[in-house]
Amino acid sequence: MGSTYQTMEWRDDRLELLDQRALPTELCYIEATNVDLLIDAIVTLAVRGAPALGAVGAFGVVIAMDQAKREGWDEARLSFEIDRIRNSRPTAVNLAWGVDRVRPLMALGRDAVLADAQAVAREDQEANHAMGKLGADWLLAHIGDRKLRLLTHCNTGTLATTGWGTALGVIRELAARDRIELIYVDETRPLLQGSRLTAWELAQDGIAHVVEPDGAAASTILRGMVDAALIGADRVAANGDTANKIGSVGVALACADAGIPFLVVAPESTVDLNTAHGDDIEIELRGEDEVLNFAGQRTAPYESKGFNPAFDVTPARLITAFVCESIVLEVAKGQTPAKHWRSGS
């Protein structure tokens, strides 16, 4: 089992990105050769997913440096353009993290920055496989060594990372162990990342799944049809409050009421110890046309206005455990991110 497609690849001094806007009907790539093209790809969700954005941020610094050389930018202009990349999606911390990781290497030259950007991508794939194993082990130990019925929200697979996936990586690991009965895939409003992307990845891997409306998730859970739910994260605050795709908190509430595990699977780079709690996380508001129209056709009255938050915040108290690349932190045992990483335990 494994994907035959790549979310991104650095080739011939440019970043090739799988255009996720075209899936599942078309598999095509776009070339990010300058800052404007890269930012457009980020904002329009041609590339998305917190771990993927971390690598994109790192490669983006190289793109900006190359453009600066071609066009004769001074240092102030170059810094401004890098900041534009860094801030193009405010909720996801990994984008800024990727930029900030490689930026100090600019003094050593473009090749040093590129080498570290490639290391970011490589480390992400390694982290994904580690999370997959840890998450699968935890679920089988806590639920039972049997085939599981799992629910997932949004897309957390290869398309959201540089390879394999976070929450979907756990599902892939369980499938490789023949421990999957069925995956419930929330369609994920408003851009259908679940039905367009997650279902496509599961179909590529031959993993049994059904796509359901976001509004059906709570009922599915409360009817006893799900053993656990797994999501990714775009930012985890120090106290464990977690920002993820809109609709995640409803899944968490249903899991808490049903008494089943709700897992957040995310690399340690997604933990932002400088953000104390979820109230401090900026929630990205997207354009209202995404909820007032469908396939280019108006679906709401022209008098209606749209409210389109891209993310919500799930309080730490609703999260059973965090699955990271080095550890599973069980919230009920007080193992919040701040307590773990600040103590060095």
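Table for the structure above
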quantity	calculated
Test: A50 is closer than 27 Å to L197 by Cα and in contact with a Ser or Thr (Cβ under 6 Å, 6 or more places away or on another chain)	yes
Test: G240 is of a type in the set (G, A, S) and touching a Phe, Trp or Tyr at 6+ places or on another chain (Cβ under 8 Å)	yes
Filtered residue count, region 20-34, keeping only those that are in contact with a helix residue (DSSP H, G or I) (Cβ under 8 Å, 6 or more places away or on another chain) and either outside the structural domain of D111 (by TED's automatic domain parsing) or surrounded by fewer than 23 Cβ atoms within 10 Å (Cβ to Cβ) (or both)	6
Any hit, region 316-329, residues being touching a Ser or Thr at 6+ places or on another chain (Cβ under 7 Å), in a loop (DSSP other than H, G, I, E, B) and not polar (S, T, N, Q)	yes
Residue identified as touching a strand residue (DSSP E or B) at 6+ places or on another chain (Cβ under 9 Å), crowded, with 24+ Cβ neighbours inside 10 Å, under 25 Å from G57 (Cβ atoms) and touching a residue at least 40 places away in the same chain (Cβ under 8 Å) among A117, A160	A117
Members of region 43-61 that are in a helix (DSSP H, G or I) and either among the polar types (S, T, N, Q) or crowded, with 24+ Cβ neighbours inside 10 Å (or both)	A50, P51, A52, L53, G54, A55, V56, G57, A58, F59, G60, V61
Selection from region 80-102 of residues that are assigned to a helix (DSSP H, G or I) and either within 21 Å of R14 (Cβ to Cβ) or out of contact with any helix residue (DSSP H, G or I) (no Cβ under 9 Å at 6 or more places or on another chain) (or both)	F80, E81, I82, R84, I85, R86, L95, G98, V99, R101, V102
Entirely in region 218-302, the strands (runs of 3 or more DSSP E) that have 2 or more residues that are out of contact with any Pro (no Cβ under 7 Å at 6 or more places or on another chain) and of a type in the set (A, V, I, L, M, F, W, C)	228-231, 262-265
Hits in region 207-230 (condition: in contact with a Ser or Thr (Cβ under 7 Å, 6 or more places away or on another chain) and β-branched (V, I, T))	V211, V226
Which listed residue, of A68, A46, A50, is touching a strand residue (DSSP E or B) at 6+ places or on another chain (Cβ under 9 Å) and free of Cβ contacts under 8 Å to residues at least 40 places away in the same chain	A46
Among residues of region 123-152, those that are surrounded by fewer than 15 Cβ atoms within 10 Å (Cβ to Cβ) and either modelled with pLDDT under 95 or in a strand (DSSP E or B) (or both), counted	0
Residue under evaluation I207, criteria (1) modelled with pLDDT of 95 or more; (2) assigned to a loop (DSSP other than H, G, I, E, B); (3) under 24 Å from A338 (Cα atoms), criterion not met	(3)
Yes/no for L105 being part of a helix (DSSP H, G or I), under 28 Å from T188 (Cβ atoms) and among the aliphatic types (A, V, I, L, M)	no
Condition check for I63: within 30 Å of L168 (Cβ to Cβ), modelled with pLDDT of 95 or more, under 14 Å from the mean Cα position of the chain (by Cα) and outside the structural domain of G287 (by TED's automatic domain parsing)	no
Some residue of region 298-306 being more than 22 Å from the chain's Cα centre (by Cα) and polar (S, T, N, Q)	yes
Residue within region 92-106 that is more than 20 Å from L197 (Cβ to Cβ), free of Cβ contacts under 8 Å to residues at least 12 places away in the same chain, not assigned by TED's automatic domain parsing to the domain that holds L197 and not small (G, A, S) present	yes
When residues of region 180-192 are limited to those that are of a type outside the set (F, W, Y) and modelled with pLDDT of 95 or more, the one surrounded by the most Cβ atoms within 10 Å (Cβ to Cβ)	D186
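The values are calculated or read from the model by the stated rules, or taken from the named source; none is laboratory data. All values reported here derive from a predicted model rather than from experimental measurement. Counting neighbours? That spans all protein chains shown, and the Cβs are built from the backbone with ideal geometry, glycine included.
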